[in-house]
Amino acid sequence: MHDKWLWWRDGVIYQIYPRSYSDSNGDGMGDLNGIRSRLAYLQDLGVDAIWLSPVYPSPDKDFGYDVSDYTGIDPRYGTLKDFDNLVKEAHQRDVRIIMDLVLNHTSDQHPWFKESRSSRDNPFRDWYLWRPAKPDGSPPNNWQSVFGGGGWKFDPQTGEYYFHMFLPEQPDVNWRHPAVRQAMLGVFRFWLERGVDGFRLDVFNGYFKDAELKDNPARFGLRAFDRQFHIHDTDQPEMIPLLNEIRALLDAYPDRYMVGETFLATPQKAIRYIGNTKAHAAFNFNFTGQPWHAGKMRSAILEWEGLNGKEGWPNYVLNNHDTRRSASRYHFDEADLRGKTAALLLLTLRGTPFLYYGEEIGMRDIALKRSEIMDPPGKLYWPIYQGRDGCRSPMQWDTSAQAGFSRSRPWLKLHPGFHDRNVAIQQANADSLLNFYKKMLQLRRQHPALHRGSMEMLKEIPAGLLAYIRADMQERILIAINFSRSKRNCLLPAGEPVSVLLDTMPAWPAQLDGSGHLQLRGGQGVALLLHGGD
Ligand code: GLC
């Protein structure tokens, strides 16, 4: 058990998609001053850190994930001064800032790439992955782009191909080049010196590719990208020493943090990158991908717990900017009872929880017509895959014309239901999802067992239930969640009287009978304090 509060381990991280959070200058796009104006809200909500999706200058082919300057702020988001003010005020409010670093690729408008593509003997040529065509003119190997089509783009200017894992406008950099490595470490240093508390590393396990660029072996799959085992274009052994080096750099500053976005993640893959000399955390998305099903959730949690071990520290996430919102995925009812249960689960598991803006008010995905789709893979694969715009709609603050997000028409349309679902309305309703999140976050902070305690899954319980005990030296807290639609009885650990800390259905509280049974309604969840033997 640890004693000292550590923000990234014991706290809760809230992801902001800056374009859609709060627009201070009325151009229809969120910005840094907009975020700063919402810090009081975030502090009151009870989160410990915010992770900002990219705010660097970008031609926006992939909405900021194509960066043309790693040490600048896109003028549409503000200035470096605005950034400094945001960091300063966030810190005054005890909220940390995590930057999203997109270092697997740059924008094709980055000066490095412009130099690189200008001639074969330019000093920046080897900063990217350039190769001549095969004798028959075909691309250098069989690698594909995850956004569709081949991974190699022929550039007529110098008559060679370059590799891009994502869009052709997102050329992959050559991390094997010592100058690239130094430049990228300089980016970390730049933001550390500006006072940021941590980094989310975009597609970090894609940085290195096989040195000989060997073909990936074939496998069964639908799209060309899925018809390969991605063993040569991701997850190369060189990533570990690089993580060691980045970690040493971070550790030269107090309490800094990095979480990797594991590309093509599996729990087994993600765990390789976590440790005292590697990343503090890496996403595996296995939990995120589970259906609303007690047994499946339990297996995903136990697998991740098992891989992390008692000394390791897992992380859990239900929402991000790349996936359908949980409210839509799990078909939350209008009263958000399921939303409360999902919050109870996410915020009581052992590990760092990540929230995504709007999750706390149960924002749903927006529906888009084909002509409205902006996300490149959505355009390409429609209607089979409709892209990621759905989960990126503007934050719903109040009932005013643009939901309090902006004075003018937002860059992406608002959810039509924002009049009934917004922060102002939910703040005024004691029983709202927002107030449930607040209560849950407070409870989590007040009880060390909930944020840093051990976790033990109860095994002998009826199907449809998920139950576990979080414990430290002082307290034991039982979480029981009924994923099914009908009543369930759960036998509490022997002879322990309890008191209820939180119930997702306070109007119909969970029943406890004299024989040690807890009865939960369909969809109900509770957190109970167990008075072990005293
Ligand atoms: C990551 C980001 C995603 C982006 C991609 C390319 O997966 O989360 O939004 O499109 O990297 O940078």
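The values are calculated or read from the model by the stated rules, or taken from the named source; none is laboratory data. These numbers come from a predicted model, not from an experiment. Please note: Cβ atoms are built from the backbone with ideal geometry, for glycine as well, and neighbour counts cover all protein chains shown.
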For this session: Please identify the pairs in which a residue from segment 103-131 that is polar (S, T, N, Q) has its Cβ atom under 8 Å from the Cβ atom of a residue that is within 16 Å of the ligand (Cβ to nearest atom) and assigned to a helix (DSSP H, G or I), counting only partners at least 6 apart or on another chain.
Result: 104/204; 104/206; 106/113; 107/113
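Please find, among 137, 64, the residue that is in a loop (DSSP other than H, G, I, E, B), on the phi > 0 side of the Ramachandran plot and outside the structural domain of residue 207 (by TED's automatic domain parsing).
Working: 64 fails: outside the structural domain of residue 207 (by TED's automatic domain parsing).
137 is the lone residue from the list that is in a loop (DSSP other than H, G, I, E, B), on the phi > 0 side of the Ramachandran plot and outside the structural domain of residue 207 (by TED's automatic domain parsing).
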Problem set entry | residue 107 being within 29 Å of the chain's Cα centre (by Cα), small (Gly, Ala, Ser) and not in a helix (DSSP H, G or I) | yes
Problem set entry | Residue satisfying condition, being under 20 Å from residue 194 (Cβ atoms), within 16 Å of the ligand (Cβ to nearest atom) and aromatic (Phe, Trp, Tyr), within set 17, 65, 70 | 70
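Could you please find all residues in segment 158-203 being among the acidic types (Asp, Glu) and either in the same structural domain as residue 260 (by TED's automatic domain parsing) or more than 16 Å from the ligand (Cβ to nearest atom) (or both)?
160, 193, 197, 202
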Exercise. Does residue 526 qualify as being β-branched (Val, Ile, Thr), farther than 30 Å from residue 398 by Cβ and touching a Ser or Thr at 6+ places or on another chain (Cβ under 9 Å)?
Worked result: yes
For this session: Would you mind stating whether residue 277 is surrounded by fewer than 18 Cβ atoms within 10 Å (Cβ to Cβ) and modelled with pLDDT of 95 or more?
Result: yes
Exercise. Restricting segment 302-326 to residues that are among the basic types (Lys, Arg) and within 16 Å of the ligand (Cβ to nearest atom), which is farthest from residue 352 (Cα to Cα)?
Worked result: 324
Seminar exercise, completed: Apart from one, (1) without any contact (Cβ under 8 Å) to a residue 24 or more places away in the chain; (2) touching a strand residue (DSSP E or B) at 6+ places or on another chain (Cβ under 7 Å) all hold for residue 197; the odd one out is (1)
For this session: Test residue 261 against the criterion of being touching a residue at least 40 places away in the same chain (Cβ under 8 Å) and assigned by TED's automatic domain parsing to the domain that holds residue 315, and give yes or no.
Result: yes
Seminar exercise, completed: The condition of being in the same structural domain as residue 202 (by TED's automatic domain parsing), surrounded by fewer than 22 Cβ atoms within 10 Å (Cβ to Cβ) and either part of a loop (DSSP other than H, G, I, E, B) or not acidic (Asp, Glu) (or both) holds, among 343, 335, only for 335
Exercise. What tally of residues in segment 375-391 results from selecting those that are out of contact with any Lys or Arg (no Cβ under 7 Å at 6 or more places or on another chain) and under 25 Å from residue 26 (Cβ atoms)?
Worked result: 1
Problem set entry | Test: residue 206 is within 16 Å of the ligand (Cβ to nearest atom), out of contact with any Lys or Arg (no Cβ under 9 Å at 6 or more places or on another chain) and assigned by TED's automatic domain parsing to the domain that holds residue 247 | yes
Exercise. Which of the residues spanning segment 486-534 are part of a strand (DSSP E or B) and among the charged types (D, E, K, R)?
Worked result: 488, 503
Exercise. How many residues, within segment 378-420, are touching an Asp or Glu at 6+ places or on another chain (Cβ under 9 Å) and not aliphatic (A, V, I, L, M)?
Worked result: 23
Exercise. Going by the structure shown, is residue 6 more than 16 Å from the ligand (Cβ to nearest atom) and either hydrophobic (A, V, I, L, M, F, W, C) or not assigned by TED's automatic domain parsing to the domain that holds residue 191 (or both)?
Worked result: yes
Problem set entry | Boolean, residue 154 is part of a helix (DSSP H, G or I) and out of contact with any Lys or Arg (no Cβ under 8 Å at 6 or more places or on another chain) | no
Problem set entry | Odd one out for residue 52, checked against (1) of a type outside the set (Phe, Trp, Tyr); (2) within 16 Å of the ligand (Cβ to nearest atom); (3) surrounded by 24 or more Cβ atoms within 10 Å (Cβ to Cβ) | (3)
For this session: Go through segment 374-402 and give me each residue that's in a loop (DSSP other than H, G, I, E, B) and over 22 Å from the mean Cα position of the chain (by Cα).
Result: 382, 383, 384, 398, 399, 400, 401, 402
Exercise. Any residue in segment 85-100 that is over 18 Å from residue 42 (Cβ atoms) and either within 16 Å of the ligand (Cβ to nearest atom) or touching a residue at least 12 places away in the same chain (Cβ under 8 Å) (or both)?
Worked result: no
Exercise. Restricting the search to segment 403-433, which residues are part of a loop (DSSP other than H, G, I, E, B), more than 15 Å from residue 366 (Cα to Cα) and in contact (Cβ under 8 Å) with a residue 12 or more places away in the chain?
Worked result: 404, 405, 406, 407, 408, 409, 431, 432
